[in-house]
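Before any comments, here is the structure.
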Amino acid sequence: MTETEDQLPLEAHQWLIRLTSGQATTLDAAEFRRWCALSAAHAQAFANARRLWQDLGPAARQLEHTEALESQAATHSSGEVVPLPQRRIGRRAFLTGAVAASAAFVFVRPSFMGEVAGLLADYHTGVGEQRSVMLSNTTALELNTQTRINQQVFNDGSRGAELLSGEVEVLTQAPFKIRAGSGWVGCNDGKFVVRSTGPDVMVTCVAGHLTVSHQGNSFYLGGNEQISYSEQSHSEPVEVDTQVVTAWRQRLLVFENETLANVIIELNRYHSGRIMLMDEKLGQRRVQARFKLDHLSDVAALIRDAYGAKVRQLPGGVVLVG
(Lines give C-alpha, C1' and ligand atoms only; values in the text may rest on other atoms or scores of the structure.)
Protein backbone atom coordinates (compact mmCIF):
# COMPACT_ATOMS: atom_id res chain seq x y z
CA MET A 1 0.00 0.00 0.00
CA THR A 2 1.36 3.41 -1.04
CA GLU A 3 1.45 5.94 1.80
CA THR A 4 -0.06 9.30 1.03
CA GLU A 5 1.25 12.67 2.23
CA ASP A 6 -1.55 12.69 4.79
CA GLN A 7 -0.67 9.28 6.20
CA LEU A 8 2.96 10.03 7.06
CA PRO A 9 2.24 12.88 9.53
CA LEU A 10 -0.44 10.73 11.18
CA GLU A 11 1.93 7.78 11.56
CA ALA A 12 4.67 10.08 12.85
CA HIS A 13 2.37 11.41 15.57
CA GLN A 14 1.36 7.85 16.46
CA TRP A 15 5.03 6.93 16.86
CA LEU A 16 5.60 9.98 19.05
CA ILE A 17 2.71 9.00 21.30
CA ARG A 18 3.87 5.38 21.55
CA LEU A 19 7.50 6.23 22.30
CA THR A 20 6.59 8.80 24.96
CA SER A 21 3.98 6.59 26.62
CA GLY A 22 6.42 5.00 29.08
CA GLN A 23 5.39 1.58 27.71
CA ALA A 24 7.74 1.39 24.71
CA THR A 25 9.80 -1.78 24.34
CA THR A 26 12.99 -2.73 22.51
CA LEU A 27 10.79 -4.17 19.74
CA ASP A 28 9.06 -0.78 19.45
CA ALA A 29 12.46 0.92 19.19
CA ALA A 30 13.59 -1.46 16.44
CA GLU A 31 10.34 -1.04 14.53
CA PHE A 32 10.57 2.74 14.91
CA ARG A 33 14.08 2.76 13.42
CA ARG A 34 12.87 0.63 10.49
CA TRP A 35 9.98 3.03 9.92
CA CYS A 36 12.28 6.09 9.91
CA ALA A 37 14.67 4.35 7.52
CA LEU A 38 11.97 3.68 4.91
CA SER A 39 12.61 7.07 3.31
CA ALA A 40 13.80 10.59 3.97
CA ALA A 41 10.12 11.61 4.01
CA HIS A 42 9.46 9.29 6.95
CA ALA A 43 12.33 10.71 8.97
CA GLN A 44 11.27 14.27 8.10
CA ALA A 45 7.65 13.57 9.09
CA PHE A 46 8.79 12.46 12.53
CA ALA A 47 11.04 15.52 12.94
CA ASN A 48 8.08 17.74 11.97
CA ALA A 49 5.79 16.00 14.48
CA ARG A 50 8.29 16.42 17.29
CA ARG A 51 8.82 20.10 16.43
CA LEU A 52 5.06 20.69 16.41
CA TRP A 53 4.61 19.19 19.87
CA GLN A 54 7.43 21.35 21.20
CA ASP A 55 5.95 24.50 19.63
CA LEU A 56 2.49 23.88 21.06
CA GLY A 57 3.62 24.87 24.56
CA PRO A 58 4.26 28.58 23.74
CA ALA A 59 1.21 28.62 21.44
CA ALA A 60 -1.01 27.42 24.28
CA ARG A 61 0.34 30.08 26.63
CA GLN A 62 -0.28 32.81 24.01
CA LEU A 63 -3.87 31.62 23.53
CA GLU A 64 -4.46 31.63 27.26
CA HIS A 65 -3.15 35.22 27.48
CA THR A 66 -5.32 36.37 24.58
CA GLU A 67 -8.39 34.74 26.07
CA ALA A 68 -7.78 36.48 29.39
CA LEU A 69 -7.54 39.87 27.66
CA GLU A 70 -10.78 39.26 25.80
CA SER A 71 -12.49 38.26 29.03
CA GLN A 72 -11.41 41.53 30.65
CA ALA A 73 -12.53 43.59 27.65
CA ALA A 74 -15.95 41.90 27.72
CA THR A 75 -16.72 43.29 31.18
CA HIS A 76 -18.27 46.78 31.09
CA SER A 77 -17.58 49.37 33.74
CA SER A 78 -21.12 48.75 35.01
CA GLY A 79 -20.13 45.21 35.82
CA GLU A 80 -22.27 43.69 33.06
CA VAL A 81 -20.61 40.73 31.43
CA VAL A 82 -21.03 40.52 27.66
CA PRO A 83 -20.92 36.93 26.31
CA LEU A 84 -18.01 36.29 24.00
CA PRO A 85 -18.55 34.79 20.54
CA GLN A 86 -19.11 31.06 20.30
CA ARG A 87 -15.67 30.59 18.73
CA ARG A 88 -14.16 30.70 22.24
CA ILE A 89 -15.34 27.15 22.78
CA GLY A 90 -13.20 26.04 19.89
CA ARG A 91 -10.28 28.06 21.21
CA ARG A 92 -10.62 26.56 24.68
CA ALA A 93 -10.73 23.07 23.18
CA PHE A 94 -7.59 23.81 21.19
CA LEU A 95 -5.88 25.24 24.26
CA THR A 96 -6.60 22.08 26.24
CA GLY A 97 -5.29 19.93 23.42
CA ALA A 98 -2.20 22.09 23.06
CA VAL A 99 -1.37 21.87 26.75
CA ALA A 100 -1.90 18.10 26.70
CA ALA A 101 0.28 17.62 23.64
CA SER A 102 3.07 19.92 24.78
CA ALA A 103 2.98 18.36 28.24
CA ALA A 104 3.15 14.86 26.84
CA PHE A 105 6.36 15.70 24.97
CA VAL A 106 8.10 18.61 26.69
CA PHE A 107 7.15 17.92 30.32
CA VAL A 108 6.53 14.20 30.56
CA ARG A 109 9.44 13.21 28.35
CA PRO A 110 12.01 16.04 28.46
CA SER A 111 14.80 13.65 27.41
CA PHE A 112 12.76 11.85 24.76
CA MET A 113 15.58 10.88 22.41
CA GLY A 114 17.61 9.77 25.42
CA GLU A 115 14.80 7.41 26.36
CA VAL A 116 14.74 5.94 22.88
CA ALA A 117 18.50 5.44 23.17
CA GLY A 118 17.89 3.85 26.55
CA LEU A 119 16.00 1.05 24.85
CA LEU A 120 19.30 0.11 23.23
CA ALA A 121 21.18 -0.27 26.54
CA ASP A 122 21.94 -3.80 27.72
CA TYR A 123 19.59 -3.33 30.67
CA HIS A 124 17.08 -0.56 31.20
CA THR A 125 13.92 0.35 33.09
CA GLY A 126 11.05 2.68 32.28
CA VAL A 127 9.21 5.20 34.43
CA GLY A 128 8.31 3.62 37.76
CA GLU A 129 9.81 0.26 36.76
CA GLN A 130 12.33 -1.72 38.80
CA ARG A 131 14.25 -4.75 37.59
CA SER A 132 16.57 -7.45 38.95
CA VAL A 133 19.55 -8.57 36.83
CA MET A 134 22.01 -11.40 37.56
CA LEU A 135 25.24 -10.47 35.80
CA SER A 136 26.94 -13.62 37.08
CA ASN A 137 26.61 -16.15 39.87
CA THR A 138 28.46 -13.68 42.11
CA THR A 139 27.01 -10.30 41.12
CA ALA A 140 23.39 -9.11 41.18
CA LEU A 141 21.99 -5.74 40.17
CA GLU A 142 18.76 -4.05 41.22
CA LEU A 143 17.81 -1.32 38.74
CA ASN A 144 15.62 1.53 39.92
CA THR A 145 13.31 3.61 37.73
CA GLN A 146 14.62 5.15 34.48
CA THR A 147 17.98 3.38 34.65
CA ARG A 148 20.29 2.43 31.79
CA ILE A 149 23.26 0.08 32.21
CA ASN A 150 25.70 -1.54 29.82
CA GLN A 151 27.98 -4.47 30.54
CA GLN A 152 31.58 -3.42 30.14
CA VAL A 153 34.99 -4.95 29.50
CA PHE A 154 37.63 -2.55 30.82
CA ASN A 155 41.14 -1.90 29.51
CA ASP A 156 42.70 -4.34 31.98
CA GLY A 157 40.42 -7.11 30.74
CA SER A 158 38.21 -7.14 33.81
CA ARG A 159 34.44 -7.19 33.41
CA GLY A 160 31.96 -4.87 35.03
CA ALA A 161 29.30 -2.38 34.06
CA GLU A 162 28.72 1.24 33.13
CA LEU A 163 25.83 3.19 34.62
CA LEU A 164 24.65 5.51 31.86
CA SER A 165 21.89 7.07 33.95
CA GLY A 166 19.59 6.24 36.84
CA GLU A 167 20.21 4.30 40.03
CA VAL A 168 21.43 0.79 40.76
CA GLU A 169 22.09 -1.33 43.83
CA VAL A 170 24.99 -3.76 43.40
CA LEU A 171 25.48 -6.89 45.50
CA THR A 172 28.72 -8.70 44.73
CA GLN A 173 30.74 -11.52 46.25
CA ALA A 174 33.65 -11.16 43.84
CA PRO A 175 35.74 -8.28 42.46
CA PHE A 176 33.45 -5.99 40.50
CA LYS A 177 33.67 -2.42 39.27
CA ILE A 178 31.24 -0.02 37.71
CA ARG A 179 31.83 3.21 35.84
CA ALA A 180 29.53 6.17 36.46
CA GLY A 181 30.17 9.61 35.01
CA SER A 182 33.79 10.62 35.53
CA GLY A 183 34.49 8.07 38.27
CA TRP A 184 34.78 4.39 39.08
CA VAL A 185 33.55 2.22 41.92
CA GLY A 186 35.25 -1.04 42.84
CA CYS A 187 34.13 -3.63 45.38
CA ASN A 188 35.39 -7.13 46.19
CA ASP A 189 32.59 -8.20 48.50
CA GLY A 190 29.71 -5.98 49.59
CA LYS A 191 26.61 -4.00 48.70
CA PHE A 192 26.48 -0.45 47.40
CA VAL A 193 24.24 1.99 45.52
CA VAL A 194 25.29 4.24 42.63
CA ARG A 195 22.99 7.06 41.52
CA SER A 196 23.48 9.27 38.46
CA THR A 197 20.36 11.36 37.78
CA GLY A 198 21.95 14.75 37.21
CA PRO A 199 25.36 16.41 37.11
CA ASP A 200 26.47 14.64 40.32
CA VAL A 201 27.08 10.95 40.90
CA MET A 202 26.33 9.64 44.39
CA VAL A 203 27.89 6.44 45.74
CA THR A 204 26.69 4.85 48.99
CA CYS A 205 28.31 1.86 50.69
CA VAL A 206 25.58 -0.23 52.33
CA ALA A 207 27.73 -3.15 53.49
CA GLY A 208 31.37 -4.21 53.17
CA HIS A 209 33.97 -1.86 51.72
CA LEU A 210 34.52 -0.20 48.37
CA THR A 211 36.86 2.14 46.53
CA VAL A 212 35.77 5.23 44.61
CA SER A 213 38.27 6.58 42.06
CA HIS A 214 37.78 10.06 40.65
CA GLN A 215 40.20 12.30 38.75
CA GLY A 216 43.28 10.66 40.23
CA ASN A 217 41.89 10.51 43.78
CA SER A 218 40.88 7.36 45.63
CA PHE A 219 38.42 7.17 48.53
CA TYR A 220 37.67 4.16 50.73
CA LEU A 221 34.14 3.79 51.99
CA GLY A 222 32.80 1.50 54.68
CA GLY A 223 29.23 0.67 55.58
CA ASN A 224 26.83 3.64 55.83
CA GLU A 225 29.26 6.03 54.12
CA GLN A 226 28.53 8.11 51.03
CA ILE A 227 30.43 10.28 48.58
CA SER A 228 29.39 12.37 45.59
CA TYR A 229 31.35 13.73 42.64
CA SER A 230 30.82 15.73 39.47
CA GLU A 231 33.01 16.21 36.42
CA GLN A 232 35.45 18.51 38.22
CA SER A 233 34.84 18.14 41.97
CA HIS A 234 34.04 15.68 44.74
CA SER A 235 32.85 15.65 48.33
CA GLU A 236 34.44 13.97 51.31
CA PRO A 237 32.86 10.74 52.60
CA VAL A 238 30.00 11.32 55.04
CA GLU A 239 27.88 9.01 57.16
CA VAL A 240 24.28 8.52 56.00
CA ASP A 241 21.18 6.51 56.83
CA THR A 242 21.28 3.76 54.23
CA GLN A 243 17.69 2.77 55.01
CA VAL A 244 16.64 6.09 53.50
CA VAL A 245 18.99 5.69 50.52
CA THR A 246 17.68 2.20 49.73
CA ALA A 247 14.01 2.76 50.64
CA TRP A 248 13.08 2.38 46.96
CA ARG A 249 14.00 -1.31 47.27
CA GLN A 250 10.96 -1.64 49.54
CA ARG A 251 8.84 0.40 47.09
CA LEU A 252 9.07 3.47 49.33
CA LEU A 253 10.36 7.00 48.97
CA VAL A 254 11.53 8.56 52.24
CA PHE A 255 12.23 12.28 52.61
CA GLU A 256 13.76 13.79 55.72
CA ASN A 257 13.86 17.60 55.93
CA GLU A 258 13.94 17.90 52.13
CA THR A 259 12.49 20.85 50.19
CA LEU A 260 9.18 20.24 48.46
CA ALA A 261 10.82 21.32 45.19
CA ASN A 262 13.35 18.49 45.45
CA VAL A 263 10.64 16.06 46.55
CA ILE A 264 8.67 16.82 43.40
CA ILE A 265 11.78 16.38 41.24
CA GLU A 266 12.25 12.92 42.77
CA LEU A 267 8.58 11.98 42.47
CA ASN A 268 8.69 12.80 38.77
CA ARG A 269 11.23 10.03 38.26
CA TYR A 270 8.52 7.53 39.20
CA HIS A 271 5.37 9.35 38.08
CA SER A 272 3.97 8.44 34.66
CA GLY A 273 2.83 12.04 34.15
CA ARG A 274 4.51 15.22 35.32
CA ILE A 275 4.10 17.17 38.55
CA MET A 276 4.95 20.84 38.04
CA LEU A 277 5.62 23.22 40.93
CA MET A 278 4.21 26.67 40.14
CA ASP A 279 4.98 28.42 43.46
CA GLU A 280 8.69 28.93 44.22
CA LYS A 281 8.02 29.90 47.82
CA LEU A 282 5.96 26.76 48.40
CA GLY A 283 8.82 24.75 46.91
CA GLN A 284 11.10 25.82 49.78
CA ARG A 285 8.86 24.22 52.42
CA ARG A 286 10.64 21.42 54.27
CA VAL A 287 9.17 17.94 53.98
CA GLN A 288 9.16 14.89 56.22
CA ALA A 289 7.29 12.25 54.27
CA ARG A 290 7.02 8.65 53.13
CA PHE A 291 5.37 7.80 49.83
CA LYS A 292 4.51 4.32 48.61
CA LEU A 293 5.54 3.90 44.99
CA ASP A 294 2.39 1.89 44.32
CA HIS A 295 0.18 4.83 45.37
CA LEU A 296 1.76 7.77 43.59
CA SER A 297 -1.55 8.54 41.90
CA ASP A 298 -2.63 9.98 45.27
CA VAL A 299 0.47 12.12 45.79
CA ALA A 300 -1.01 15.36 44.40
CA ALA A 301 -3.92 15.12 46.83
CA LEU A 302 -1.50 14.45 49.69
CA ILE A 303 0.52 17.55 48.82
CA ARG A 304 -2.68 19.59 48.60
CA ASP A 305 -3.93 18.41 51.97
CA ALA A 306 -0.57 18.66 53.77
CA TYR A 307 0.51 22.08 52.49
CA GLY A 308 -2.71 23.76 51.41
CA ALA A 309 -1.44 23.92 47.86
CA LYS A 310 -3.72 24.43 44.90
CA VAL A 311 -3.66 21.40 42.64
CA ARG A 312 -4.85 21.40 39.04
CA GLN A 313 -5.06 18.28 36.89
CA LEU A 314 -4.32 18.72 33.17
CA PRO A 315 -4.55 16.26 30.29
CA GLY A 316 -1.53 14.07 29.67
CA GLY A 317 -1.04 13.29 33.36
CA VAL A 318 0.24 16.80 34.10
CA VAL A 319 -0.41 18.12 37.63
CA LEU A 320 0.14 21.79 38.51
CA VAL A 321 0.96 22.39 42.21
CA GLY A 322 0.86 25.86 43.72
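The values are calculated or read from the model by the stated rules, or taken from the named source; none is laboratory data. Quick caveat: nothing in here was measured; it's all calculated off a predicted structure. Positions of Cβ are generated from backbone atoms using ideal geometry, with glycine treated the same way; all protein chains shown enter the neighbour counts.
Annotations for the structure displayed:
- Which listed residue is modelled with pLDDT of 90 or more, on the phi < 0 side of the Ramachandran plot and of a type in the set (D, E), from D200, D298, D294, D279: D200
- Restricting the first member to region 1-20 and to residues that are in a helix (DSSP H, G or I), and the second to residues that are surrounded by 13 or more Cβ atoms within 10 Å (Cβ to Cβ) and at pLDDT 70 or above, the beta-carbon pairs closer than 6 Å and six or more apart or on different chains are L8/A45; P9/A45; A12/A45; A12/F46; A12/A49; H13/A49; W15/F32; L16/A49.
- Criterion (in contact (Cβ under 8 Å) with a residue 12 or more places away in the chain and either in a loop (DSSP other than H, G, I, E, B) or closer than 24 Å to S182 by Cβ (or both)) met by exactly one of Q232, Q288: Q232
- Qualifying residue in region 306-318 (condition: in a helix (DSSP H, G or I) and modelled with pLDDT of 80 or more): no
- Take the conditions (1) more than 17 Å from G198 (Cα to Cα); (2) in the same structural domain as G308 (by TED's automatic domain parsing); E236 misses just one of them, which is (2).
- Of all residue pairs spaced 6 or more apart or on separate chains, those with beta-carbon atoms under 9 Å, a first member in region 240-253 that is without any contact (Cβ under 8 Å) to a residue 60 or more places away in the chain and a second member that is surrounded by 15 or more Cβ atoms within 10 Å (Cβ to Cβ) and among the hydroxyl-bearing types (S, T, Y) are V240/T204; T242/T204; V245/T204; L253/Y270.
- Within this structure, D294 passes the test of being surrounded by fewer than 16 Cβ atoms within 10 Å (Cβ to Cβ), closer than 19 Å to T145 by Cα and not assigned by TED's automatic domain parsing to the domain that holds G128.
- Test result for H214, closer than 24 Å to N155 by Cβ and surrounded by 20 or more Cβ atoms within 10 Å (Cβ to Cβ): yes
- Single match in Y220, Y270 (criterion: modelled with pLDDT under 95 and aromatic (F, W, Y)): Y270
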